[in-house]
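Peer 1: I have a structure here, written as structure tokens, and I will follow up with some questions on it.
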Amino acid sequence: MRDIIFNINELKDTFTPSESKIAQYILEYPQQVTNLTINELARVCNTSEASVVRFCKTLNLKGFQDLKVKIAASIAIKHKELDGGISKDDSLSTIVQKIGNFNKQAIEQASSVLDLNALEEAVEVLSNARRIDFSGLGASGIVAYDAMTKFMRINVPCNYYSDSHLQLTSAANLTRDDVAVGISYSGNTREVVDVLKIAKEKSAHTISITKVGNSPLVETADINLYVSSQEAIFRAGAMASRIAQLNLIDILFVSVAIKKYDEVIGYLENTSGATSIRKI
């Protein structure tokens, strides 16, 4: 079952004014909402029952009762136990358990917001790409590098440059047969947005991997693949968002490899053999 409270928090910037009032009340008083009628919720939010119904439809819920059930389920998850909550007094075994739970939650949350139609479209253009350019900086750059190493295994010409200027230079040579994949959890990394803008000018397909909500990267890309995670542990490390992004790269790679199975199985065997001879 999806964590509806988390999803509402991620989508809050995309709601209409009336929906935003409802979302804010739910985020502040989730327990109270489970005990309200639809009329009572509309009244405390200074909106209408119709707005509550529309809010439920926006979240792809069956109705107000479905909303209450999922809110109750979210409360039961006990966010504080799953958001990491690392303390300086934690033992090593506790840290192992908390980090494991945190990463597991990041993957589950990312899967809950992934649009399968957008994913299918992305797999299609990646499968037909003459060349793929991956771009990203910082933690997202690590994800971009991982993507390049994976797609190289199936003999897809692809690039990732840690230097943002080289990312821009490479994008300037893309064509309509190529794909540019921009990775930025915030969606606001200017250099990555600029890469996709240049790629679009060259008529290349553009894909973003970013968090839910409006952002310059989302507005630029042709296809948006959303990930979602709570950066509660040492936020500056971007740990959960990196895990969520890496998980999505794995999904893309495996999906493309399966789609082109007869063509790429030989390449997978070749690359596996080439690296295994180095192992002792």
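The values are calculated or read from the model by the stated rules, or taken from the named source; none is laboratory data. As the structure is a prediction and not an experimental result, all values here were calculated from the model. No Cβ is skipped: glycine too gets one built from the backbone with ideal geometry, and neighbour counts run over all protein chains shown. We work out accessible area using only protein heavy atoms, side chains counted, and drop any ligands, DNA or RNA first. Shrake-Rupley method; radii C 1.70, N 1.55, O 1.52, S 1.80 Å.
Peer 1: Can you name the residue in the stretch 187-226 that is among the basic types (Lys, Arg) and touching a Ser or Thr at 6+ places or on another chain (Cβ under 7 Å) and is also nearest to Arg130 (Cα to Cα) among such residues? Before the answer, list the steps.
Peer 2: Taking the stretch 187-226 first, the residues among the basic types (Lys, Arg) are 190, 197, 200, 202, 211.
If we keep only those that are touching a Ser or Thr at 6+ places or on another chain (Cβ under 7 Å) too, we end up with 197, 200, 202, 211.
On the way: Lys197: 19, Lys200: 16, Lys202: 14, Lys211: 27 Å.
Top of the filtered list is Lys202.
Peer 1: Within the set of pairs 6 or more residues apart or between chains, which connect a residue that is within 17 Å of Val125 (Cα to Cα) and in a helix (DSSP H, G or I) inside the stretch 167-194 to a residue that is open to solvent by less than 50 Å² (accessible area, probe 1.4 Å) and among the small types (Gly, Ala, Ser) with Cβ atoms less than 6 Å apart?
Peer 2: That search, which allows pairs on different chains as well, returns Ala171/Ala180; Ala171/Ala199.
Peer 1: Every residue in the stretch 146-162 that is open to solvent by less than 70 Å² (accessible area, probe 1.4 Å) and either over 21 Å from Val193 (Cβ atoms) or out of contact with any strand residue (DSSP E or B) (no Cβ under 6 Å at 6 or more places or on another chain) (or both), please. Even if it seems obvious, please write down each step before you answer.
Peer 2: So the first thing to find is which residues in the stretch 146-162 are open to solvent by less than 70 Å² (accessible area, probe 1.4 Å), and the list is 146-151, 154, 156, 158-160.
Matches in the stretch 146-162: Asp146, Thr149, Lys150, Phe151, Ile154, Val156.
Peer 1: Still on this structure: Would you confirm, using the coordinates I've provided, whether Ala110 is within 30 Å of Ser170 (Cα to Cα), part of a helix (DSSP H, G or I) and at pLDDT below 90?
Peer 2: Values: within 30 Å of Ser170 (Cα to Cα): yes; part of a helix (DSSP H, G or I): yes; at pLDDT below 90: yes.
So Ala110 fits the description; yes.
Peer 1: While we're looking at this one, here's another question. Kindly list, by first and then second residue, each pair from a residue in the stretch 24-45 that is open to solvent by less than 30 Å² (accessible area, probe 1.4 Å) to a residue that is hydroxyl-bearing (Ser, Thr, Tyr) and at pLDDT 90 or above, limited to pairs with Cβ atoms under 6 Å and residues at least 6 apart or on different chains.
Peer 2: As it stands, the answer is Ala42/Ser48; Cys45/Tyr25, since those pairs meet every condition given.
Peer 1: Now a separate question. Could you count how many residues in the stretch 51-70 are assigned to a helix (DSSP H, G or I), within 19 Å of Thr14 (Cβ to Cβ) and open to solvent by less than 70 Å² (accessible area, probe 1.4 Å)? Can you show your working first?
Peer 2: So in the stretch 51-70, the residues assigned to a helix (DSSP H, G or I) come out as 51-58, 64-70.
When the remaining residues are screened for being within 19 Å of Thr14 (Cβ to Cβ), the result is 51-58, 67, 70.
Still in the list and also open to solvent by less than 70 Å² (accessible area, probe 1.4 Å): 51-53, 55-56, 58, 67, 70.
Here the count works out to 8.
Peer 1: Out of the residues in the stretch 234-260 that are at pLDDT 90 or above and open to solvent by 70 Å² or more (accessible area, probe 1.4 Å), state the one that is nearest to Ile209 (Cα to Cα).
Peer 2: So the first thing to find is which residues in the stretch 234-260 are at pLDDT 90 or above, and the list is 245-260.
Among the residues that remain, those that are also open to solvent by 70 Å² or more (accessible area, probe 1.4 Å) are: 254, 258-259.
Values: Val254: 16, Ile258: 21, Lys259: 21 Å.
Restricting to residues being at pLDDT 90 or above and open to solvent by 70 Å² or more (accessible area, probe 1.4 Å), the top hit is Val254.
Peer 1: Could you say which residue among Arg130, Arg43 is part of a helix (DSSP H, G or I) and of a type in the set (D, E, K, R)?
Peer 2: Values: Arg130 fails: part of a helix (DSSP H, G or I).
One residue alone meets the criteria, Arg43.
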